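For reference, the structure discussed in these notes is given below.
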Amino acid sequence: MPEMSVTQAPAPQRQGELLGRGRRDGNRLFKEWYAELDAAAESGDPSAYVFVMGSAAEVLKAFDLNLVFPEINSLQMAVRKVSLEYLNKAEDYGYSTDVCGYVKADVGMHLDGRKHPNGRIPKPSIVVATNMCNTYVKWVEIWQRMYGCKVFVLDIPGQRGIGWSTEPGSDQFENDRRYVQSQLEELIEACVAVTGRPFKIERLQENLAHVNRMAADWSAVLKLNQNIPAPFNAMADGLTYMGVLSAYRGTETGARYMAELREEMEYKVRHGIGTIEHERFRLHGVGPACYSYFRRFLELFQDWGAVYVNSEYLAYAGGGLDLGIQFDVERPLESLAEQLLITGRRSMSNMFFSQDQLADTVRDWKSDGIVYHSVKSCRTVSTGMADSREYLTRIKDVPALFVESDLVDPRLWSEAQFKNRIDAFFEALGARKAAALVAAKG
Amino acid sequence: MAVQVRSAFEAILEECSELAEDVTYPSVRRWREDHPAGHAVGHFQVYFPEELIHAAGMLPVTLMGAGSRLEAKQADSHIGSFVCSICRTSLELGFSGRVGFLDAFYTTPICDVARNLAGIWGRNFKGMTAEILYLPQHANAKQAVPYLRDEYARVLAELERISGRPIEEADLRRSISVYNENRRLLRELYRYKRETPWLLSTTEAYLLAKAGTVMPREDHNEILRSALAEIPNREGRRQDRVRVVFEGGFCEQPPLDMLQLVEEACYIVDDDLLIGMRWIVEDVPETGDPLYALAESYLERSTYSCVQHDDRKPKEEMLLRRVAESGAQAVILAAAKMCEPGLDEQVAYSKTLEEKKIPFLLLDFEEKMTAFERMRMEVETFVESILFD
Ligand code: SF4
Ligand code: SF4
């Protein structure tokens, strides 16, 4: 990645307007997006259900489909402290306590007439699931049964094993790309059939260009957090930014938002403004937060002066846009297939084969340690965590904390247990840092 | 005192049972001793095109956990706590050195736990290829067959590298032919189970089939042929029992005791146990490009499972068809604990069966469970409710 250059700083009087803008605007955009969904639920305007890891927004928005992100819906239920009601509905219906809570919270909402605390959710006209999480494929089958909607699985073959990689142009890459591209063509046909609207290649090109800009700025924003102090908390603020990244992918609004966010972060870096008064520890997060107790989850770390400077979540749940993306708008479909393959693969590799790049990220973001948050719902990200942790502490000497709960199921949260482990971790980390300081002074 | 004479069938069954259930893999070790320059390749559930391994002159071995016969001592610190047992004990097979004879390990995208296995395996067992065979998850895509054909070619190239010798088309065709024969014999076995379940129980059929996962298929074909020849001579009287389909054994294996207790109360006339061995339901063409033939057969000549989404095979309809074709009256809907795809599907199946007024019983299991009293009562009550309905 090229070195980040910090652009011209804005005038100081703009500080009040700039600081926190990403959050404020993010929350506003979020409200507007839910309002649009509510309106679509009323009007019956066609909508697509998609997932954060590979939404195919570039294509779907070329048909003006409203995008519904069920994962974000479920997450919002947890943040608003109502997820348990929905989980109970799904469990009463027959879903096991061992089924992913995101799925169950969503099923509960559908059984309840698609009434979400943020507004009504429209019915799906088409649903697109990538294979980035296998549960996506089981989830879409539920809506297919409920609504008889068109289901489209966008299959992106991932990394085959540790040390395996392919470059564009190689036979292996081309085989996978042809497969992805042909699916995109089929997806376009499906969208034409579902919406009755024609496909306009210029629309796709425009969307790709928006994503190019958005991804470049997003990647820059993430990299700005390599600075000390970090200008944003990857777990807390990062979630808002990610929401906009998903919901407004492929739009002018989304691209503008990300450019402005970059401006804000550059300003903060230039003026040494962090997220807390004294940044004592820098953390790298693996796994999502516990959204049912989100505030508390964050406080338990902040109380120790710890800031999440990066998170795997920002990479995989951002659909792999963390390192930017370069669509060639002159050959839109081919380039879309190629880039989806590259970024989608990266997203999956971050979950299944993350060990070496994780060590590099920890080094580059100057993190003091990794927090692995294993969540029962999500076996996709949690299955290999214990092993990855063992590998990184043993081979790379990276301190790590391992905690368990869930994203949306408040029944799996135990604050006392969490706090004990966190406190012990920071005590050890503090001692380690002190020892390193003494050693450095010689 | 009457002397119990073991029938030829019982002798075969005993041998199969010993080989299939022994987690030290005696048959594989013996094969390695007999083939000092040979290689063994392991693959996880559910389906893997073993013909590729076989054509390379290697021994394919299916890893499907270890039931209650192995405690996941080391594996537990390497894998999330909310994960199914089959993945834990499969990993333990690796950590405990029991499958140290493998030169490669393959998994497929049946679920995310299985995909994660490739990473864990690769990080811990150095010197062994550990990969995901990316079976297409968009089964209806126009390019799915050509894509899969090339993905098979990729795996084949890796197997050539390991074996140090090229694999010719003729080798592949020979292997396809051996496996076609194996699938035909297994279909025959299932025909007995369906038509005369009093002559062949599901536990027996299961053990006979499972032995094939740890030995060369030619040998397995021999065993199946001998067993099939004996079945008509077995003594067994038709009983008035409820006929059920057992659904939910596609990946983690239900304990034998569980199958037996179900069979004590009813006839299991069809099931999805070891469905990977029977995934392809017709002969794979033995002419033309063998890799294409295998890829096409995976998608076009195959049965169903909850780990594959295929619009042409809506799973509830497929289950109803299985019920109708086997003349079953009821369904045992099993699911392994912590198994996302299995548990999701269990709900969908149960709603359909409810709608169609087909009696069903939900049973959650774990390969390592050892207490069955409650389950026995549930099954008995279920069967009685059907008999006296
Ligand atoms: S398993 Fe994980 S990635 Fe998949 S739907 Fe559930 S929470 Fe999302
Ligand atoms: S039992 Fe279920 S969750 Fe476990 S590996 Fe098999 S399909 Fe995956």
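Could you give me D for the stretch A:120-277, from Stokes-Einstein at 37 °C and 0.692 mPa s, where the hydrodynamic radius is the Kirkwood radius over C-alpha pairs? Units µm² s⁻¹, please. Answer from the Stokes-Einstein relation: 175 µm²/s. Normalised Debye scattering of chain B at q = 0.06, 0.08 Å⁻¹ gives log10 I(q)/I(0) of -0.22, -0.40, counting only Cα atoms as equal scatterers and leaving out solvent. Positive end of the dipole of chain A (Cβ unit charges, origin at the Cα centre): among A:230, A:431, A:140, the Cα lying farthest that way belongs to A:431.
Semi-axes of the equivalent ellipsoid of the stretch A:206-310 are 26, 17, 9 Å, computed as sqrt(5λ) over the eigenvalues of the C-alpha gyration tensor in descending order.
Computed over the stretch B:333-389, relative contact order equals 37 percent, with contacts defined as Cα pairs under 8 Å that lie 6+ residues apart.
Local charge for residue A:203 was computed over the other residues whose Cβ lies under 9 Å away, with Lys and Arg +1 and Asp and Glu -1, and equals -1.
Take each peptide in B:297-306, B:32-41, A:367-376, A:79-88, count the other Cβ atoms within 10 Å of every residue, and average; sorted highest first, the result is A:367-376, B:297-306, A:79-88, B:32-41.
Computed over chain B with a Gaussian network model linking Cα atoms closer than 10 Å, the most mobile of B:356, B:193, B:210 is B:356.
With both partners inside chain B, how many of the DSSP beta bridges are antiparallel, as a percent to the nearest 5?
The antiparallel proportion sits near 5 percent.
Once backbone amide H atoms are built at 1.01 Å from N, residue A:161 has B:132 as its partners under 5 Å, excluding neighbours fewer than 5 places away on the same chain. This model, with +1 at the C-beta of Lys and Arg and -1 at the C-beta of Asp and Glu, gives the stretch A:78-118 a dipole about its Cα centre of some 240 debye.
Listed by chain and number, the lysines placed with their C-alpha closer than 18 angstrom to that of residue A:441 are A:433; residues fewer than eight positions away on the same chain are left out. Charging the Cβ of each Asp and Glu at -1 and of each Lys and Arg at +1, and nothing else, the dipole of the protein assembly as shown about its Cα centre rounds to 1780 debye. Fully extending the segment from residue A:43 to residue A:431 would add 133.6 nm, taking 0.36 nm per residue of separation and subtracting the current Cα-Cα distance. Karplus-based coupling profile of the stretch B:173-190, in residue order and whole Hz: 5, 4, 5, 4, 5, 4, 6, 4, 4, 4, 5, 4, 5, 5, 4, 5, 4, 5, with θ = phi - 60° in 6.51 cos²θ - 1.76 cosθ + 1.60 and x standing for Gly or Pro.
Scaled to the globular estimate 2.2 N^0.38 Å, the Cα spread of the protein assembly as shown, given as radius of gyration, is 0.98. In a simple Cβ point-charge model (Lys, Arg +1; Asp, Glu -1; nothing else charged), chain A has a dipole of about 900 debye relative to its Cα centre. Quote the FRET efficiency, to the nearest 0.05, computed for residue A:260 versus residue B:370 with a Förster distance R0 of 60 Å and r equal to the Cβ-Cβ distance. With a Förster radius of 60 Å, E is 0.45. Cβ-Cβ distance of residue A:397 and residue B:161, R₀ of 30 Å, FRET efficiency by 1/(1 + (r/R0)^6): the value works out to about 0.35. For residue A:120 and residue B:229, a Förster radius of 51 Å and the Cβ-Cβ distance give a FRET efficiency of 0.20, rounded to the nearest 0.05. Distance between the pseudo-spin-label points of residue B:177 and residue B:18 (7 Å out from Cα toward the beta carbon): 3.3 nm. For the stretch B:293-389, the convex hull spanned by the alpha carbon atoms encloses 126 Å³ per residue. In order along the stretch B:7-20, the Karplus-derived 3J(HN,Hα) couplings, from 6.51 cos²θ - 1.76 cosθ + 1.60 at θ = phi - 60°, round to 6, 4, 4, 4, 5, 4, 4, 4, 4, 4, 4, 4, 5, 6 Hz, and Gly and Pro are given as x. Shielding by partners for peptide A:173-185, expressed as the average number of C-beta atoms from other protein chains within 10 Å of each residue's C-beta, is 4. Beyond 15 Å, what share of the Cα-Cα pairs of the stretch A:307-375 is found? Please give it as a whole percent. Roughly 58 percent, rounded to a whole number. Restricting to the protein assembly as shown, compute how many DSSP beta bridges are antiparallel as a %, nearest 5. Taking every DSSP beta bridge with both residues in the protein assembly as shown, the antiparallel ones total about 5 percent. The fraction of all Cα pairs in the stretch A:361-442 landing in successive 5 Å bins from 0 to the largest distance is 3, 13, 19, 22, 20, 12, 6, 3, 2, 0, given as whole percents. Over the stretch B:266-384, Cα pairs under 8 Å with separation of 6+ residues give a relative contact order of 21 percent.
Across the stretch A:295-442, C-alpha contacts under 8 Å between residues 6 or more apart give a mean separation that, scaled by the residue count, equals a relative contact order of 19 percent. Placing unit charges on each Cβ (+1 for Lys and Arg, -1 for Asp and Glu) gives the stretch B:277-316 a dipole about its Cα centre, and among B:297, B:280, B:314 the Cα reaching farthest toward its positive end belongs to B:314.
Put a dot 7 Å past the Cα of residue A:328, heading toward its Cβ, do the same for residue A:111, and the two dots end up 5.1 nm apart. Structure note, pairs A:123/B:356; B:337/B:357; A:89/A:123: Cα-Cα distances above 24 angstrom occur for A:123/B:356; B:337/B:357. In the elastic network of chain A, a GNM with C-alpha springs shorter than 10 Å, the most mobile of A:264, A:338, A:186 is A:186.
Computed from the coordinates by the stated procedures, all read-outs in this text should not be read as laboratory data. Just so it is clear, the structure is predicted and the values come from calculations on it, not from any experiment. Cβ: placed from backbone, ideal geometry, glycine included. Neighbour counts: every protein chain shown.
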